[in-house]
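Taken together, the values in this text are just the output of simple stated rules run on the coordinates, not laboratory data. All of these numbers come straight from a predicted model, not from anything done at the bench. Cβ: placed from backbone, ideal geometry, glycine included. Neighbour counts: every protein chain shown.
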Amino acid sequence: MQFFSKHQIALAAISFLGAASAVAPTASVAATKVPGQYVAGDFHNHTTCSDGAISMQKLIKKSTGKDNGEWGLDWFVQAGHGGTGSRNCTLAEDASLATPAYPLVTDATTGAIKGPTTTWENSGVTLKGNVSGTSPSRNMWRWQSIKEVQYPITEYLAALKNTPVFMGLESVVAGHEHSSMAVITGQLPTSLDSVVLPTTPGYTPQGNATALAQWSYCFDRGDSDTSRGAENQWSCEVTGSDYSDTTKFNWNTTAMKLIPTGSGVGSGVGTKGHLKTVESLKWMQEKHAGGSYYVPAHLERAGPFNPDSNNGFNVEHLRNFNNAAPDIAFGMETQPGHGASAERGEYRQLRNSFVGSATRVDSVGGSTYGGTGVYGAQVGGVWDALLGEGRNWWFFASSDWHNRGQFGPDDRRSTQDFYPGEYQRNYTLVRNGSDKLRPQAIVDGLRTGNNWASSGQIIDRLAFIACASYAGRGARTAASVEALAVSAANGNTDINVSGCATMGEKLAVNPGANVIVSIVVRDPAGVSSSPYSFPNPSLLQVGINQPLNQPVLDHVDVIRGMVTGFRQPGAADYAGEWPRNTNWLRADGTTADLSVVPAAAKNTSAALLKSFSAAGSNAWTAFTAADGTQMLKMTFTVPAVQASQYLRLRGTNLPASVPYETDANGNPLPDFFTNAANTANLRVPCTTVGTNVPTSAVSWTAASGAIDGCPAHLATAPAAITTASGPVAVGQKMVSYDVAAWADLWFYSNPIYVQVKGSTVVAGVK
């Protein structure tokens, strides 16, 4: 499977007139869309400025570079936890990362390299605000780090590499856990296009990340600084908000922000924290509506919402966010990073200490499901509940890169994380026309929901469109709609035709219209980014011999749900907690069904509508694309629609009924059976013995060649494990860590809405 998305995308205007001519005579080419293309990126990752393991230079090079062992992303947002950090992530690890403006720094006495684990104090940086910690490891507030240290090097590297690299934040969320967010105001201005980069140390940026830094000071739960940003003298007030109600707020006139922001428990800390977070969204909506996004990260991981501490998100909190700032809070990161960890995504049962609970509380869902959290993976669950309202609430993925676990950062194996772009990617339609790719166009693209996410390069191109067809002059043929989708896929773009819609859009139709849907994907040939060439152990269970680094798309599912309108705060179906602990994921790895889920968190109309594969009654058609690669096309009709609805896609390399991976309907099973943290639950043996299998102590890079046997670091079976094929020997290697992730791949698209005249209005989408 060749990694076709590792290339420099030409960002040129694309004409759709040729494809449009195949449409029925009543269709016309719309003139409102600026041309664009799907570009791959990541917005959640870490350096040593928070709790990552590598420098800014190394992370940006690994994520956006085009050499072997680099992942070729088209855009990149460097984020990191809010609060504080003690290490200087702008110091490079070695000479290969040195640049004229940021040369390698060495100790004047010993000559040793001062790399990215060097403290701020030992770097000679002056710390500002109410400084915490003990010398020489005192902490810098992230507001200062973003504003004065990280943004300048980010801008410099963006100009040096001619790649849109900009700053975001993984906020530590008041009342909840984490969120991937950014305020891009001031970043990478157009004046950067003509800047002359320095040839000696030092760089003066053209732009700034002051707005993001101020947000971090004002609203991040990890920031207890009261200095108002030292010389900045920031105020965090939101116009129209009354902070005099002390039952809801605790406004500090010294800090000019809501306090406390710490990790205290009891007395409604979570409830008050949620109110502060809603204020942060109002602030962004008021001051930076066009230049902000706010996407709750790995939102199932910390369990359900805890009114007396800072844990997870229930469905009502997502509704509150979207109600307060629909231009900013428009989705969730429900396909989390940490895909190679002992517990995929770091989700697990009994993970979280909870005020008021005698036992620990599960991550919501108790596990990921094919690497996706239960909010996004469960058909008819939280995501479908939000889509069923007609909300602009989109699906996103991230790497959440920190480190490789037991391996070094240049090793291809992992027991913790994948690099940005290595395994998971957001593909976003960015309408920049003939202009270069800029942060504003990227954020605008994310906001539209014209985005799909994929793991393990199971596909690297997708066109998904729906067009209305009426009797007579308004009739469209399936062939004409399919031609539009083929043209879009060939151009790595979408459509610009009236009477048609794509992801994140709504198609307005009259009652009785036929809706013709066409899907085109590219399942790239050659090898993927996986370092493993031995057969996928999960598929071997069902007699399929398929190398892990050459995955093949097995099927594409179309999921449909009905739209019934926004649910109102205070109504019985507005708020509700996903079932905890064994009320959902049982001790044997089976799950309950939607009957135990509260009405607020489900949409029982959502169901599998179609499933396409290489054979059978719904077989796709393979064809050769304009660039010589093979694509797959599939087209069908939703006849005579009478009610508003939506369609969304998912796809995988796994057929239905793969033991411990998929159920009889092809739904992902919990990753309970491949999580190494509890070896007694492991069920998929890895038995291939290879000739190119290094020990875990030997670094294994791209130049070392594919590993052709089960790697040494896999968890092993304890006594008394019985698998689908019978008992296994004690010490048998079992699918876990990164092998589990490469074995089990999924993509998800955002929905197309169909709004039927006289039925429910899809109010959240323009």
### Query
Got a sec to turn the phi values of the stretch 272-285 into Karplus ³J(HN,Hα) couplings, 6.51 cos²θ - 1.76 cosθ + 1.60 with θ = phi - 60°, whole Hz, x for Gly and Pro?
5, x, 4, 4, 5, 5, 4, 4, 5, 6, 4, 4, 5, 4
### Projected area, mean over directions - the stretch 170-273, Cα convex hull, nm²
8.9
### Query
Under Stokes-Einstein, with the Kirkwood radius over Cα pairs standing in for Rh, what whole-number D in µm²/s applies to the stretch 244-320 at 10 °C and 1.306 mPa s?
117
### Task
Sort the following peptides by mean Cβ neighbour count (other Cβ atoms within 10 Å, averaged over residues), highest first: 717-728, 170-181.
170-181, 717-728
## Note on the structure
Averaged over all viewing directions, the convex hull of the alpha carbons in the stretch 510-565 casts a projected area in nm² of 7.3
### Task
Output ³J(HN,Hα) for the stretch 552-562: one whole-Hz value per residue in order, computed from phi by the Karplus curve 6.51 cos²θ - 1.76 cosθ + 1.60 with θ = phi - 60°, and x for Gly and Pro.
10, 4, 8, 7, 10, 9, 10, 10, 10, x, 8
## Note on the structure
If every Lys and Arg gets +1 and every Asp and Glu gets -1 at its Cβ, then about the Cα centre the stretch 669-766 yields a dipole, in debye to the nearest 20, of 360
### Query
Expressed as a fraction of 2.2 N^0.38 Å, the rule-of-thumb size for a compact globular protein of N residues, what is the C-alpha radius of gyration of the stretch 438-477?
1.81
### Summary
Length-normalised contact order of the chain, Cα under 8 Å, at least 6 apart, in percent, tallies to 14
### Query
When the Cα centres of the stretch 539-586 and the stretch 45-81 are compared, how far apart do they sit, in Å?
30
### Query
In the chain, what percentage of the DSSP-assigned beta bridges are antiparallel, given to the nearest 5?
80
### Task
Would you be so kind as to identify which of T582, I559, P598 lies farthest towards the positive end of the dipole of the stretch 497-603, taking Lys and Arg as +1 and Asp and Glu as -1 on Cβ and the Cα centre as origin?
P598
### Message
List the lysines whose Cα sits under 22 Å from the Cα of K272, skipping any in the same chain fewer than 8 residues away.
### Response
K248, K257, K282
### Query
Projected onto the charge dipole of the chain (+1 at Lys/Arg Cβ, -1 at Asp/Glu Cβ, origin at the Cα centre), which of Y369, A230, G85 gives the Cα projection farthest towards the positive end?
Y369
#### Entry: Under the Karplus curve 6.51 cos²θ - 1.76 cosθ + 1.60, θ = phi - 60°, whole-Hz ³J(HN,Hα) for the stretch 142-152, x wherever Gly or Pro sits
5, 4, 6, 4, 4, 6, 9, 10, 6, 4, x
### Rg/Rh ratio calculated on Cα atoms of the stretch 318-459 (Kirkwood radius)
1.01
### Query
What pairs from K66/K506; K633/K766; K61/K147 go past 31 Å between their alpha carbons?
K66/K506
### Query
What ranking, highest mean first, results for peptides 565-575, 404-414 when packing means the other Cβ atoms within 10 Å averaged over each residue?
404-414, 565-575
## Note on the structure
Beyond 18 Å, the calculated P(r) of the stretch 113-226 holds a percent of Cα-Cα pairs equal to 56
### Query
If you bin the C-alpha pair distances of the stretch 125-166 every 5 Å from 0, what whole percents do you get?
6, 22, 23, 16, 13, 11, 8, 3
## Note on the structure
For the chain, the dipole about the Cα centre with charges only on Cβ (Lys and Arg +1, Asp and Glu -1), to the nearest 20 debye, works out at 940
### Task
With the Cα gyration tensor of the stretch 358-435 in hand, convert its eigenvalues to equivalent ellipsoid semi-axes via √(5λ) and list them largest first in whole Å.
27, 25, 9
### Query
On average over all directions, what projected area in square nanometres does the stretch 526-671 have, based on the convex hull of its Cα atoms?
12.9
## Note on the structure
When all Cα-Cα pair distances of the stretch 30-173 are considered, the percent exceeding 27 Å is 24
### Task
For the chain, count the residues as N, evaluate 2.2 N^0.38 Å, and divide the Cα radius of gyration by that value, please.
0.92
### Summary
Between the alpha carbon centres of the stretch 107-153 and the stretch 409-441 the gap in Å comes to 28
### Query
222 nm [θ] for the chain, helices only, -39500 (n - 2.57) per DSSP H run of 4+, per residue, to 500?
-4000 deg cm²/dmol
### Summary
Inter-part gap, Cα centre of the stretch 665-734 to Cα centre of the stretch 303-349, in whole angstrom, is 30
### Query
What share of Cα pairs, in percent, lie more than 29 angstrom apart in the stretch 613-766?
45
